[in-house]
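Structure incoming, see below.
Since every read-out is calculated from the coordinates, none of them should be taken as a lab result. None of the values given here were measured: they were computed from a predicted structure. Cβ sites come from the backbone with ideal geometry, for glycine too, and all protein chains shown count toward neighbours.
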Amino acid sequence: MHLSDYILEIEPLGVNTNRQEAIDAMLDLKTFQLPVLKDNELYGTVDLDECIYCSEDTIEQLIDPSYLSVHFHAHTFDVLNLIQEAQTDVCCVLNEDKSWVGLVTKNDLLKGIASSLTSSQDGVIILAEMASHQYSASEISRIIENEGSQLLGLIIENVPESGRIRASLKLNTKNAERIVTSLRRYGYDVIFIFGDEDYKENVEKRFESLMKYIDI
C-alpha cells in the first residue's frame with residue numbers, strides 16, 4: 001500500500017475563497033476539513049460546520065491556523081496513525097521543499113486497507129507489529145481462533161526503518177478486545193484497531209452536515 005495511491009491532487013482553498021465554494025468542495029470530496037494556502041504556503045484548515053453556520057462571504061475569518069502534513073514518501077499506516085492521533089479528517093501531503101502535492105483523507109485510507117484484504121465480510125481490522133523472527137502466521141491464527149474468532153485476511157509488510165514486520169489482520173468479529181489482549185500477551189505490538197464504527201461515524205457525520213446545510 002503506497003500513500004501515492006490515495007493522494008487527491010486537488011488545489012487547496014485560498015484565504016479569500018468564497019464560503020459557498022468551500023462548502024461545495026467539502027461535500028464533493030466527502031470530507032469535513034480542507035487546507036488553505038496563503039502566499040503559496042500552507043496556512044491552515046477550514047471546517048465544514050464552521051462554513052455552514054456562519055454568514056461570512058469568504059472563509060478568511062474561519063481559518064484554523066493548525067494543519068497536519070506529511071512527506072509524500074510517508075508510510076500509509078504512519079499517516080493513518082497521525083490522522084487518528086490528531087482527530088482530524090484530512091492530511092496534507094508535501095514535497096521535499098514543502099510544496100503542495102495533494103491531500104489524503106481518513107476515509108480513503110480506511111477503505112484502502114479494508115479493500116486490500118481478502119474478505120468483504122464485516123469485521124475488525126487489527127494492525128500489529130513484531131520482530132521479523134517472531135512472525136508466524138500459524139501462531140497468529142491460533143491466537144485468534146483460541147478467542148473464538150477467525151482470521152479472514154492477512155497482509156504482511158516490511159517496515160524499512162526498523163526491520164520489523166507489520167501485519168494487517170481482518171477478523172470476523174467486531175469486538176476484538178480479548179484478541180488484542182492475547183496478541184499483546186504473546187509479544188505482538190498492536191498499533192491500531194479499526195472497526196465498522198469508523199465507516200459508520202464518517203457516514204453519519206457527512207449525513208448530519210448535509211442535513212444542516214440543506215436546512216439553512
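Multiply the residue gap between Q87 and V180 by 0.36 nm, knock off their C-alpha separation, and tell me the result in nm, one decimal place.
So the extension gain works out to 31.3 nm.
Now for a different question. In the chain, what % of DSSP beta bridges are antiparallel (nearest 5)?
85 percent
Semi-axes, largest first, in whole Å: what does sqrt of 5 times each Cα gyration tensor eigenvalue give for the range 3-109?
Its equivalent ellipsoid spans semi-axes of 23, 15, 11 Å.
For the range 79-187, place one equal point scatterer on every Cα, skip the solvent, and apply the Debye formula. What is log10 of I(q)/I(0) at q = 0.17 Å⁻¹?
-0.92
Scan the range 88-174 for GluC sites (Glu not before Pro) in coil per DSSP, keeping those whose Cβ has at most 10 other Cβ atoms within 10 Å, and list them by number.
Here the sparse-neighbourhood loop sites are E96, E161.
By the gyration tensor of its Cα atoms, with a ≥ b ≥ c the square roots of the eigenvalues, what is the shape of the range 124-194: rounded for a/c under 1.5, prolate for a/b over b/c, or oblate?
prolate
For D57 paired with H73, estimate the spin-label separation in nm (one decimal), with each label point 7 Å from Cα along the Cα-to-Cβ line.
4.6 nm
What full-extension length gain, to one decimal in nm, is calculated for N16 and S4 as 0.36 nm per residue of separation minus the Cα-Cα distance?
1.4 nm
Count the lysine pairs in the chain that are 8 or more places apart or on different chains: how many have C-alpha atoms under 20 angstrom apart?
17
When the chain is treated as a GNM, springs tying every alpha-carbon pair under 10 Å, which of T181, T58, T45 comes out with the largest mean-square fluctuation?
Among T181, T58, T45, the largest mean-square fluctuation in the Gaussian network model of the chain belongs to T181.
Further question on the same structure: Under the definition of Cα pairs under 8 Å and six or more residues apart, what whole-number percent is the relative contact order of the chain?
18 percent
Using the Cα centre of the range 3-109 as origin and beta-carbon charges of +1 (Lys, Arg) and -1 (Asp, Glu), tell me which of A86, G14, V46 is placed farthest towards the positive end of the dipole.
The residue sitting farthest along the positive end of the dipole is A86.
Using the eigenvalues of the Cα gyration tensor, what equivalent ellipsoid semi-axes result for the chain when each is taken as the square root of five times the eigenvalue, whole Å, largest first?
Values for the chain, descending: 37, 20, 12 Å.
Among V190, M130, I143, whose Cα sits farthest toward the positive end of the charge dipole of the range 124-194 (+1 at Cβ of Lys/Arg, -1 at Cβ of Asp/Glu, about the Cα centre)?
I143
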